[in-house]
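The values are calculated or read from the model by the stated rules, or taken from the named source; none is laboratory data. In this text, all values refer to a predicted model and were calculated from it rather than measured experimentally. No Cβ is skipped: glycine too gets one built from the backbone with ideal geometry, and neighbour counts run over all protein chains shown. Surface accessibility is based on the protein's heavy atoms, side chains included, excluding ligands, DNA and RNA. Shrake-Rupley method; radii C 1.70, N 1.55, O 1.52, S 1.80 Å.
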Amino acid sequence: MPDADFLLFLNRSARYGNELAEIREMKRKKHRISINRRNFVQWSSVIGGSVLALPAFEALAATGSGKPEKSSSKLSGYNKAQEPDAIIRTACPGHNCGGRCLLKVHVTGGVITRIETDDRPYDGIDDPQLRACVRGRAYRKRQYHPDRLKYPMKRTGKRGEGKFERISWDEALTIMHSRITDIKTRFGNSAIYVPYGTGSYNNTNGRWPAARLMNLIGGALGYYNSYSWASINVATPYVYGTLDTGNQRQDWLNSKYIIMWSWNPAEMKDGTNSDYMIRKARENGARTICIDPRMSLSAISLADEWIPIRPGTDTAMMSAMAYVIITEKLTDDEFIRRCCIGFDKSQMPQGYENEESYSEYILGTRDGVPKTPGWAEKITSVPAATIARIAREYATAKPAVLYQGYGMQRRAYGEEVVRAGAVLAAITGNVGVPGGWASGLANQVGGAPFWTVLPMGTNPVKGRIPVYLWTEAITRGREMTAATDGLQGADRLDNNIKLIWSVASNILMNQHSNLNRTAKILRDEKLVEFIAVQDNFLTSTAMFADLVLPACTQFEVWGVSDGWKYGEEVILMPRVVEPPFETKSDYRICAELAQKFGVYDEFTEGGRDEMAWTQWIIDEVYRKRWFPEMPVFRVMSASNQGVYSRKVEKPKVAFEEFRKDPAANPLRTPSGKVELFSARLKEMNNPEIPPVPKYIQEWESPFGPEAKKYPLQAMGHHYMPRVHSTHNNNPWTMEAFPQVVFMNPADAASRNLKNGDMVRVWNDRGIIALPCRITRKIMPGLVDIPQGAWYKPDSEGIDRGGCINTLTSEKWTPLAKGNPQHTIMVQVEKQIR
């Protein structure tokens, strides 16, 4: 039997690539074990830890949760006495990890004792198994964590102190009804806000039932966009007129060259099996390049070459690549002529003939600055020769993929890099062809995502704010306008936010920026009069609640999930175990509150519970709209197969018909073509929103005066042990991947730091304290503080949880009004105490 160190290594490394240092360590210890993609599933299922003792719940078979399956494990050393009462197939709770995976959950005596993953006999490239990562397989440590919220509580101390007392559900719902009614009466429904939150994605759980209820009782202030994709969501349609710019992933096997630019599917997923598809493309002969400031697990396991780049300068490198492609005549002139507008002076839209075209910007015709590889090297730190070589390879490989990750658009001018990447795809003719890729957001053409299809109804409150500007709506909501703040649906707001009902969300005090500023805002009860938080744990957001409501996990409620951004599957999520203690599902909480508001029948549509809604969603939505061939709910639930998936036999290609005949199949842009120059952006007359994509120096930058005081850039990547802030308290995942600040040896040496030293990282917005990890897998001048750690300020205001948002800025991007949370400058030194 392998020792504990090696089993931990398997958990960390399988299917995501082995870090070189760890490989050397394994060789040194002379372990001898064969591991492949399938037997890792078996090994990981017997790894460490006893199940937390809890009162045994009713056997699963008695809950109506589907047909139980007897265990068939033949693993050596597996005790038959441990065989479960039932094995239930369900979707991994996910929490917006970027994937949708299948779990096999072992239940004994009403308790989850083991979690495996997809083992369906077919595993072809056209319909691969949906295998869970270490987060999904470690989920029972979260499910049975001793800190689970057990009963409703109300605040007894100051807001943010975390002092609460237990109350009954009747009192809790009475408080909710009373406070919502009071705010509605004194201010109106537009003073109520149900914030963005991705802590639950199964239709019947999460914020969706709360939004449905609010729409039945007068509505609430709305929002648009997301924290993940704000800039790419807005910028992509300015080029293509749609967000559906992605081919189906099986088409990657037709590619000859793949650039993973700021993209890390091995950790953050971006669709179950995206990393697997890249591997298969490599096996099929594709060369893969990873451009990223850090040597990510994707760079290690999926790439032929890693190119480190200074954060925030990607548009400069893309512009220099365009310079090489244009000057060396590597452009696809026929595609540009037929399908694009704004490439040069001959292609400018009517009325804009005298404006700067894309090629004029690249060649420096008007500003006198040719965007050469030498120009870009000084900005990006990428050698000019490397930039030129990558440009030539990308332009001549035919066909090629430039996949844009989302970290590079969560920056000060995130819209520019999105458009710059899409333009590179266009001028090289990689749009609308098998094996190519249009870039941009790249939703799968003609398919996913659906995500949530529970009917919300119509919100009577028409005003919608950019999702990132909710603190502005608290402090100056009545002053917000469409022109200055991106307000939609109304000329002005008629209220500031006065009541927040946070469901399955840790946005308020963890995932939003400048947490010390945010805490000051939320502590002021004259600003926000009431905060209710509905969650599984007393998160950093729940610490600021006036009322805390304990919610079920997705293992404790019926629901349904579908393929995230990609994928052709629907996964049934039966109730696996009973809700513990006094927890209730988000839907049940809302239904009981609907009773107090007198809209129970409307909310439940005649008494539907979560199981009935799940049946309705499968039979009336998924089957009728997208998957007519899939089994009805009755058959699907009785079979305990867990998932319906549709084979991808011929991958769909975005813009294929447009490319064949752009006149007959125009894009939904004003010109009907790919817009390298946007007249709509020109009319905004804002130098921070240029009509052609340009490199703009960020407002916090190594090249600015702020670098004298704060010389290091900081970033916060999506980290293997967490999904955003979910799993931060999971002992298994966090033991394997503890919260540290990663820094280059050169930066550590100049500060006399050793590996493991406790350091303070700070700027004008705050201070965090955490251990340092010194590694050459991050470029000099940059530190990486993985995002999602829980904010835990001590009595001196130092965040001991290591949350990067203690340091981030609340300033927003110019076009999307989105979050620029990777644009940060900091200083690091040894923490004395």
Give the cross-link partners of Lys154 among the lysines, using a straight C-alpha distance below 16 Å as the criterion and excluding same-chain residues fewer than 8 apart.
Lys163
Classify the stretch 615-731 as rounded, prolate or oblate, taking a ≥ b ≥ c as the square roots of the eigenvalues of its Cα gyration tensor: rounded when a/c is under 1.5, otherwise prolate if a/b is larger than b/c and oblate if not.
oblate
Fully extended, how many nm does the chain gain between Arg366 and Thr174 (0.36 nm per residue separation, minus their Cα-Cα distance)?
62.5 nm
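Starting from the Cα gyration tensor of the stretch 243-318, take the square roots of the eigenvalues, sort them a ≥ b ≥ c, and report rounded, prolate or oblate (rounded when a/c is under 1.5, otherwise prolate if a/b is larger than b/c, else oblate).
Prolate, since a/c reaches 1.5 and a/b exceeds b/c.
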Residues of the chain: accessible area per residue at 1.4 Å, in Å²?
35 Å²
Distance-filtered residues of the stretch 809-833 - backbone nitrogen under 11 Å, label point 7 angstrom along Thr475 Cα→Cβ:
810-811
Three-way shape label, the stretch 204-299, alpha-carbon gyration tensor, a/c 1.5
prolate
Return the distance in nm (one decimal) between the two label points of a simple spin-label model at Ala707 and Lys660, each offset 7 Å from Cα along Cα→Cβ.
5.1 nm
Quick check: at a probe of 1.4 Å, how many percent of the accessible area of the chain sits on carbon and sulfur atoms?
50 percent
For percent of Cα pairs over 44 Å apart, several values are listed as (1) 38; (2) 31; (3) 26; flag the one computed from this structure.
(3)
Rounded to the nearest angstrom and ordered from largest down, what semi-axes does the equivalent ellipsoid of the stretch 430-505 get from its C-alpha gyration tensor (root of 5λ)?
34, 18, 12
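Report relative contact order for the chain in percent, whole number only (criteria: Cα-Cα under 8 Å, sequence separation at least 6).
After rounding, I find 18 percent.
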So if R0 is 45 Å, what FRET efficiency would Arg517 and Gln350 give, r being the distance between their Cβ atoms, rounded to the nearest 0.05?
0.45
What does the charge count around Trp306 come to, taking other residues whose C-beta lies under 10 Å from its C-beta (Lys +1, Arg +1, Asp -1, Glu -1)?
-1
Just the C-alpha atoms of the stretch 86-213: what Rg/Rh do they give, with Rh taken as the Kirkwood radius?
1.08
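Grab the other residues whose beta carbon is less than 15 angstrom from that of Glu355, score K and R as +1, D and E as -1, and report the net.
-2
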At R0 = 35 Å the Cβ-Cβ FRET efficiency linking His145 and Arg186, nearest 0.05, sits at 0.35
Students sometimes get this wrong: rank Glu416, Glu582 by accessible area, probe 1.4 Å, all chains present, largest first.
Glu582, Glu416
Would you mind pulling out the separation of the Cα centroids of the stretch 532-567 and the stretch 288-327, in Å?
37 Å
May I ask you to list the aspartates and glutamates whose Cα is less than 18 Å away from that of Lys345, ignoring any residue fewer than eight positions away on the same chain?
Asp332, Asp333, Glu334, Glu353, Glu355, Glu356, Glu360, Asp367, Glu675
Using Cα centres only, tell me the gap between the stretch 783-824 and the stretch 116-166 in whole Å.
23 Å
Based on DSSP H runs of at least 4 residues, each adding -39500 (n - 2.57), what is the mean residue ellipticity at 222 nm of the chain after dividing by all its residues, to the nearest 500 deg cm²/dmol?
-7500 deg cm²/dmol
Can you tell me how much longer the chain between Arg668 and Lys398 gets when fully stretched, taken as 0.36 nm per residue apart minus their C-alpha distance, in nm with one decimal?
94.6 nm
On full extension of the chain, what length is gained from Lys526 through Asp494, given 0.36 nm per residue of separation minus the C-alpha to C-alpha distance?
9.8 nm
Of Lys329/Lys378; Lys141/Lys754; Lys660/Lys817; Lys398/Lys682; Lys329/Lys673; Lys141/Lys811, those spanning more than 29 Å from alpha-carbon to alpha-carbon
Lys141/Lys754; Lys660/Lys817; Lys398/Lys682; Lys141/Lys811
Considering the chain, which cysteines have no disulfide-compatible partner, defined as another cysteine with its Cβ under 4.7 Å away?
Cys97, Cys133, Cys290, Cys339, Cys340, Cys552, Cys590, Cys772, Cys803
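What FRET efficiency would be calculated for the residue pair Lys624, Gln595, taking the C-beta separation as r and a Förster radius of 35 Å, to the nearest 0.05?
The formula returns an efficiency of 0.70 here.
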